[in-house]
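**Q** Let me give you the structure first, and then I'll get to my questions.
Since every read-out is calculated from the coordinates, none of them should be taken as a lab result. Predicted, not measured: the structure shown is a model, and the values here were computed from it. Neighbour counts are summed over all protein chains in view; Cβ atoms, including those assigned to glycine, are modelled from backbone coordinates with ideal geometry.
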Amino acid sequence: MGRIDLHKSIRKRKLNFHDNSFWRLTERGLFYFVATMFIYFATKDIWDRLTTDNLQIIRIIFDILIISIGVWLIYSVVHLDKLTVIKGTDKEINKNLMYDLLTGMFTDTKFFFIDDQLFGTRQWTMKKPGKEITIIFNDSDIFINITHKVRFGDMDSPFHVLTNQTDIREIKKRVEK
């Protein structure tokens, strides 16, 4: 977890770090590259078989599955650092509410404040991936991002984006009550 550029993150609604780490950019680029190659080669295979009249239904299903995986990877990488906005009331009330809510929801996660940010971390284990919860408080708005960590807790996982979005929707629903 690097230092977050608060103003840029709030403005773009995406986590932006002061230290754009070479490894962070490399891993994201790798996922984009792999996804693009999945889409390209599966599409090329379908096209080549259409032009030679040698297209089998099993091959079409397999290629569509590969294209779906590529599209899923691109969607996941795009939404990995996305901040979701929750409308709150007062900054101090929001801080207390979010701390109480998150410590109840994520009992295996440790939470701590740094200025107007609340961070939650769960260490990577063999049974569970790591997790980073980042919350930025800005006036009455709450910006939240949840990222799962894999590979010894140092790589963002694009495979858990739906789980992250489900957790954020649950938090949003509870805050709005």
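**Q** Of (1) 67, 37, 36; (2) 45, 43, 28; (3) 71, 32, 28, which one was derived for Cα extents along the principal axes in Å from the structure shown?
**A** Label of the calculated value: (1).
**Q** A follow-up question, please. State to the nearest 20 debye the size of the charge dipole of the chain about its Cα centre, where the only charges are +1 on K and R beta carbons and -1 on D and E beta carbons. List each step's numbers first, then the result.
**A** Values: 27 positive and 22 negative charges, 33 e Å.
Approximately 160 debye in magnitude.
**Q** List, largest first, the extents of the alpha carbons of region 102-157 along their principal axes, each in whole Å.
**A** Sorted from largest, the Cα extents of region 102-157 read 39, 22, 16 Å.
**Q** Can you give the alpha-carbon Rg of region 66-151 over 2.2 N^0.38 Å, where N counts its residues? Intermediate results must be reported in sequence, preceding the final value.
**A** Values: Rg = 14.9 Å, N = 86, 2.2 N^0.38 = 12.0 Å.
After normalising by residue count via 2.2 N^0.38 Å, the value is 1.25.
**Q** How would you order 25-36, 104-115 from highest to lowest mean count of nearby Cβ atoms within 10 Å? Don't skip to the answer; put the middle values down first.
**A** Details: 25-36: 14.0, 104-115: 11.6.
The peptides rank, most packed first, as 25-36, 104-115.
**Q** Also, quick follow-up: Report the full-extension gain for the segment LYS87 to HIS7: residue separation times 0.36 nm, less the Cα-Cα distance, to one decimal in nm. Don't skip to the end; give the middle numbers.
**A** Working: separation 80, 0.36 × 80 = 28.80 nm, distance 1.78 nm.
That works out to 27.0 nm of additional length.
**Q** Just tell me which aspartates and glutamates come within less than 17 Å, Cα to Cα, of LYS149; anything on the same chain fewer than 8 places away is out.
**A** GLU27, ASP81, ASP108, GLU132, ASP167
**Q** With a cut-off of 8 Å between alpha carbons and a minimum separation of six or more residues, what is the relative contact order of the chain in percent?
**A** 19 percent
**Q** Also: In nm, to one decimal, how far is the modelled label at GLN165 from the one at TRP72, with both set 7 Å along Cα→Cβ?
**A** Placing both labels 7 Å along Cα→Cβ, they lie 1.3 nm apart.
**Q** What are the ³J(HN,Hα) couplings of region 111-121, residue after residue, when phi is run through the Karplus curve with 6.51, -1.76, 1.60 and θ = phi - 60°? Round to Hz, x for glycine and proline.
**A** Each residue of region 111-121 in turn: 10, 8, 9, 9, 6, 9, 10, 10, 10, x, 10 Hz.
**Q** Further question: Can you tell me which aspartates and glutamates have their Cα less than 13 Å from the Cα of LYS95? Leave out same-chain residues fewer than eight positions away.
**A** Of all the aspartates and glutamates, those that pass the test against LYS95 - Cα under 13 Å, at least 8 places apart if same chain - are ASP115, ASP116, ASP139, ASP141.
**Q** Using only helices, what value at 222 nm comes out for the chain when you add -39,500 (n - 2.57) per DSSP H run of length 4 or more and divide by the total residues, to the nearest 500 deg cm²/dmol?
**A** Working: 5 runs with 90 residues, N = 177.
Value at 222 nm, helices only: -17000 deg cm²/dmol.
**Q** When only DSSP loop residues count, what chymotrypsin sites (Phe, Trp or Tyr not before Pro) in region 118-177 have their Cβ near at most 12 other Cβ atoms within 10 Å?
**A** Numbers: sites: PHE119, TRP124, PHE137, PHE143, PHE152, PHE159; in loops: TRP124, PHE152.
In loop regions of region 118-177 (DSSP not H, G, I, E or B), the sparsely surrounded chymotrypsin sites (Phe, Trp or Tyr not before Pro) are PHE152.
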